1. For the range 17-104, what does the alpha-carbon gyration tensor say about shape, rounded, prolate or oblate, given a ≥ b ≥ c as the root eigenvalues, a/c under 1.5 as rounded, and a/b over b/c as prolate?
2. Once you order the gyration tensor axes a ≥ b ≥ c over the Cα atoms, which shape class does the chain get: rounded for a/c under 1.5, otherwise prolate or oblate by comparing a/b with b/c?
3. Please build a GNM for the chain, connecting alpha carbons under 10 Å apart, and tell me which residue among Leu26, Leu118, Leu239 fluctuates the most.
4. Would you be so kind as to identify which of Val107, Ala35, Gln76 lies farthest towards the positive end of the dipole of the chain, taking Lys and Arg as +1 and Asp and Glu as -1 on Cβ and the Cα centre as origin?
5. What percentages, rounded to whole numbers, describe P(r) for the range 167-263 computed over all alpha carbon pairs with 10 Å bin width beginning at zero?
6. Please report the relative contact order for the chain, taking Cα pairs under 8 Å with a sequence separation of at least 6, and give it as a percent rounded to a whole number.
7. Using the beta-carbon distance between Asp224 and Asp129 and R0 = 25 Å, what value does 1/(1 + (r/R0)^6) give for FRET efficiency, to the nearest 0.05?
8. Roughly how many Å is it from the Cα centre of the range 34-70 to that of the range 182-248, as a whole number?
Amino acid sequence: MADNELVAVERTGAVAVVTIQRPDKLNALNAEVVAGLARAFRELASSSDPEPVRAAILTGAGKAFVAGADIAQMAQMTPVEAKRFADAGHALCHLIESSSFPVIAAVNGYALGGGCELALSCDFIYAADVAKFGQPEVNLGILPGFGGTQRLMRRVGAARARELIFTGDMVSAEQALAMGLANAVFPAAELLAKARETATKIASKGPLAVAASKRVMLHGETLDLPTACELEAQTFAALFGSEDQRGGMTAFLGKTKATFQGR
Ligand code: DAK
């Protein structure tokens with residue numbers, strides 16, 4: 001199946017919903033799905049778009065978000081193919097993580113292995129009450145290969161990440177919420193509407209400010225505090241050269257609502 005049939009993109013104004021469409025295999029990530037997702041996010045980031053995307057939602061069709069990397073495809077891989085697959089997975093996660101617009105993972109069902117890692121590369125996770133999270137790679141004799149050992153640890157803390165990765169156990173949406181893996185849990189039927197509501201709110205804010213905040217938080221995570229605060233200060237100062245900063249502050253002082261142009 002062509003990668004553009006495996007990944008659907010729907011736009012409503014500045015909000016995009018990216019849906020993985022391989023429900024018969026619980027949206028397992030094969031090379032084609034990974035390529036389709038990379039293409040979708042690259043196109044959404046394209047600066048030639050007359051109405052740029054300001055927030056996106058990533059979700060899955062059917063009863064799974066993503067039940068992991070495609071085990072049938074991985075089982076046949078040579079080391080060279082496995083490296084190519086891992087590189088493509090890392091590149092995809094980095095593309096999402098470093099995109100200029102926030103991406104919300106709307107986890108509608110299973111988010112296992114590479115699926116949990118994909119959700120972790122999004123800015124935050126909203127989960128359906130039926131969702132299940134886990135890193136079951138140890139059951140297959142491998143380790144998380146799309147950055148899970150690192151991003152899960154940063155999100156939920158080292159001890160919880162170790163427990164999940166060493167046992168391969170699944171946790172419920174409520175448990176994911178309690179450990180800070182998910183930001184919120186909603187009834188399954190309301191998940192997408194809730195994610196859209198938040199994405200629409202984000203899209204109404206100053207896009208340069210949102211993008212700069214995302215960039216500073218991402219880079220700051222790997223820096224010592226004084227260096228990270230210096231990065232914040234420089235980025236803060238740079239925003240004072242934008243029309244959005246002038247418009248936003250003028251609107252506040254004039255008691256009107258700001259409309260941001262992203263300039
Ligand atoms: N891969 C391929 N097919 C999968 C799949 C997967 N991960 N998960 C499910 N499917 C397929 C099933 O084979 C089945 O196909 P048919 O038999 O109908 O053709 C169909 O989806 C429906 O699944 P089930 O019949 O099993 O559905 P159930 O509701 O009974 O069970 C389940 C749902 C999620 C509990 C079960 O499907 C399951 O345990 N799935 C596997 C979960 C898993 O182990 N996921 C982690 C995969 S490992 C790396 C790159 C990446 C990674 C590692 C290294 N490098 C290259 C370094 C990441 C690794 C992983 O993600």
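FYI, it's all coordinate maths here, none of it is from the lab. Because the structure is a prediction, the values reported are computed rather than measured. Here the Cβ positions follow ideal geometry from the backbone for every residue, glycine too, while neighbour counts run over all protein chains shown.
1. Note, shape of the range 17-104 comes out oblate.
2. In terms of gyration-tensor shape, prolate.
3. Leu239
4. Val107
5. 13, 27, 30, 23, 6, 1
6. 16 percent
7. 0.05
8. Comparing the Cα centres of the range 34-70 and the range 182-248, I get a distance of 19 Å.
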